[in-house]
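**Student:** One structure, pasted below without further comment.
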Amino acid sequence: MNFKNKVVLITGGSRGIGKATAKAFAEQGAAVAFTYSSNDKAAQETLSLLPGSSHLTIKADIRFAQESKTAVSLVIEKYNQLDILVNNAGVYIPHPIAETGFDEWDEAWEQTMAVNLFGPAHMTYFAAKEMIRLGGGRIVNVSSRGAFRGEPDHPAYGASKAALNSFSQSMARALGKYHIYVSVVAPGYVESEMTTELLKGQAGIDIRQQSPLNRVAQPEEIAHAILMLASEGSEFMTGAVLDMNGASYLRT
């Protein structure tokens with residue numbers, strides 16, 4: 001895969017899947033811009049790992065439409081180009097219904113939907129407008145196996161990812177005529193900052209045993225799938241949802 005002369009915008013690019021994806025695109029010659037919400041140190045550390053000198057960090061809270069609009073505008077201002085958008089930023093807030101008070105329940109739903117669904121919708125809107133003007137592009141959204149199997153302790157997460165899948169397929173149908181191709185990668189558990197505590201001890205052993213590979217995914221594996229979906233020659237995969245869960249959950 002060669003992304004030389006391509007410009008990529010990744011949300012949540014300072015850690016985990018986003019960090020691995022930024023590095024993978026940069027290693028293939030792309031200019032990479034990535035958003036992050038608050039951790040300046042992590043953003044700079046990620047930036048330092050990217051080969052080349054044409055990359056950009058953008059501090060933005062994608063829950064808010066204006067900040068998403070500004071992020072896209074900054075990319076266009078710097079590069080006069082936007083070829084690929086990766087909607088990766090996400091939150092995973094526990095709120096099991098039997099043990100959670102309503103205020104905490106309500107807050108978990110608001111925050112999860114704002115980041116996991118409205119954020120990608122905002123970013124897609126502003127990026128797609130530029131891609132239409134520029135003659136085409138690629139959008140890859142990061143979903144989850146939780147969209148299919150259910151998330152009993154994180155129901156807002158499962159719901160947000162199911163909605164993201166539906167949104168992505170709607171956009172694939174709406175934007176195909178503009179040569180904008182939209183697809184989804186749906187990981188299971190990935191070894192990252194978000195799952196560090198969860199993967200410790202017996203819980204981690206049980207999670208790894210869900211897959212016949214007896215492990216969880218590495219961020220670099222998800223990044224590889226994202227690059228494939230964003231590459232030339234993958235146009236007819238528009239609308240696809242690619243499972244990346246090590247056969248830990250198989251849907252029909």
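**Student:** Might you check whether a residue that is more than 21 Å from Ala31 (Cβ to Cβ), β-branched (Val, Ile, Thr) and out of contact with any strand residue (DSSP E or B) (no Cβ under 6 Å at 6 or more places or on another chain) occurs anywhere in region 110-125?
**Tutor:** Yes; the residues of region 110-125 include at least one that is more than 21 Å from Ala31 (Cβ to Cβ), β-branched (Val, Ile, Thr) and out of contact with any strand residue (DSSP E or B) (no Cβ under 6 Å at 6 or more places or on another chain).
**Student:** Here is a further query. Might you check whether a residue that is in contact (Cβ under 8 Å) with a residue 40 or more places away in the chain and not small (Gly, Ala, Ser) occurs anywhere in region 31-48? Working first, answer last.
**Tutor:** Taking region 31-48 first, the residues in contact (Cβ under 8 Å) with a residue 40 or more places away in the chain are 31, 33, 35, 37.
Applying the additional criterion that residues be not small (Gly, Ala, Ser) yields 35.
Among the residues of region 31-48, at least one is in contact (Cβ under 8 Å) with a residue 40 or more places away in the chain and not small (Gly, Ala, Ser), which makes the answer yes.
**Student:** Count, please, the residues in region 177-199 that happen to be modelled with pLDDT of 95 or more and either surrounded by fewer than 16 Cβ atoms within 10 Å (Cβ to Cβ) or part of a strand (DSSP E or B) (or both).
**Tutor:** Final tally of qualifying residues: 12.
**Student:** Let me ask something additional. Gly176: without any contact (Cβ under 8 Å) to a residue 24 or more places away in the chain and among the small types (Gly, Ala, Ser), yes or no?
**Tutor:** No, not satisfied.
**Student:** Still on this structure: Working carefully through the options Ser192, Ser183, find the one that is in contact with a strand residue (DSSP E or B) (Cβ under 7 Å, 6 or more places away or on another chain) and polar (S, T, N, Q).
**Tutor:** After applying the criteria, what remains is Ser183.
**Student:** Sticking with this structure for a sec: State whether one or more residues within region 230-241 are more than 20 Å from the chain's Cα centre (by Cα), closer than 20 Å to Tyr92 by Cβ and surrounded by 11 or more Cβ atoms within 10 Å (Cβ to Cβ).
**Tutor:** Checking region 230-241: not a single residue is more than 20 Å from the chain's Cα centre (by Cα), closer than 20 Å to Tyr92 by Cβ and surrounded by 11 or more Cβ atoms within 10 Å (Cβ to Cβ).
**Student:** For region 97-136, which positions are of a type in the set (Phe, Trp, Tyr) and within 24 Å of Lys6 (Cβ to Cβ)?
**Tutor:** Of the residues in region 97-136, the ones of a type in the set (Phe, Trp, Tyr) are 102, 105, 109, 118, 125-126.
Within region 97-136, Tyr125, Phe126 qualify.
**Student:** While we're here: Quick one: which residue in Thr35, Thr21 is farther than 15 Å from Arg138 by Cβ, surrounded by 20 or more Cβ atoms within 10 Å (Cβ to Cβ) and among the β-branched types (Val, Ile, Thr)?
**Tutor:** Thr35
**Student:** Output the number of residues of region 133-148 satisfying the condition of being outside any loop (DSSP other than H, G, I, E, B) and of a type outside the set (A, V, I, L, M).
**Tutor:** Residues flagged as outside any loop (DSSP other than H, G, I, E, B) and of a type outside the set (A, V, I, L, M) within region 133-148 amount to 6.
**Student:** Let me ask something else. Can you confirm whether region 127-147 contains a residue that is surrounded by fewer than 20 Cβ atoms within 10 Å (Cβ to Cβ), free of Cβ contacts under 8 Å to residues at least 60 places away in the same chain, of a type in the set (Asp, Glu) and closer than 20 Å to Gln218 by Cα?
**Tutor:** no
**Student:** Something else: It is to be established whether one or more residues within region 64-79 are touching a residue at least 40 places away in the same chain (Cβ under 8 Å), surrounded by fewer than 18 Cβ atoms within 10 Å (Cβ to Cβ), of a type in the set (D, E, K, R) and touching a Leu at 6+ places or on another chain (Cβ under 8 Å).
**Tutor:** Looking for residues that are touching a residue at least 40 places away in the same chain (Cβ under 8 Å), surrounded by fewer than 18 Cβ atoms within 10 Å (Cβ to Cβ), of a type in the set (D, E, K, R) and touching a Leu at 6+ places or on another chain (Cβ under 8 Å), one finds at least one in region 64-79, hence yes.
**Student:** OK, next. When you go through (1) closer than 21 Å to Val91 by Cα; (2) under 14 Å from the mean Cα position of the chain (by Cα); (3) not in a helix (DSSP H, G or I) one by one for Tyr157, which number turns out not to apply?
**Tutor:** Looking at each condition in turn, Tyr157 falls short on (3).
**Student:** Name the single residue that is surrounded by the most Cβ atoms within 10 Å (Cβ to Cβ) among those in region 43-63 being out of contact with any helix residue (DSSP H, G or I) (no Cβ under 8 Å at 6 or more places or on another chain) and closer than 28 Å to Val190 by Cα.
**Tutor:** The qualifying residue surrounded by the most Cβ atoms within 10 Å (Cβ to Cβ) is Ala43.
**Student:** Name, by its number, the condition in (1) charged (D, E, K, R); (2) in a helix (DSSP H, G or I); (3) without any contact (Cβ under 8 Å) to a residue 24 or more places away in the chain; (4) closer than 20 Å to His95 by Cβ that does not hold for Glu151.
**Tutor:** (2)
**Student:** Which of the residues spanning region 200-220 are crowded, with 17+ Cβ neighbours inside 10 Å and touching an Asp or Glu at 6+ places or on another chain (Cβ under 8 Å)?
**Tutor:** Hits for region 200-220 are Val216, Ala217, Pro219.
The values are calculated or read from the model by the stated rules, or taken from the named source; none is laboratory data. Everything quoted here is computed from the prediction, not taken from an experiment. FYI the Cβ positions are ideal-geometry reconstructions off the backbone, even for glycines, and counts take in every protein chain you see.
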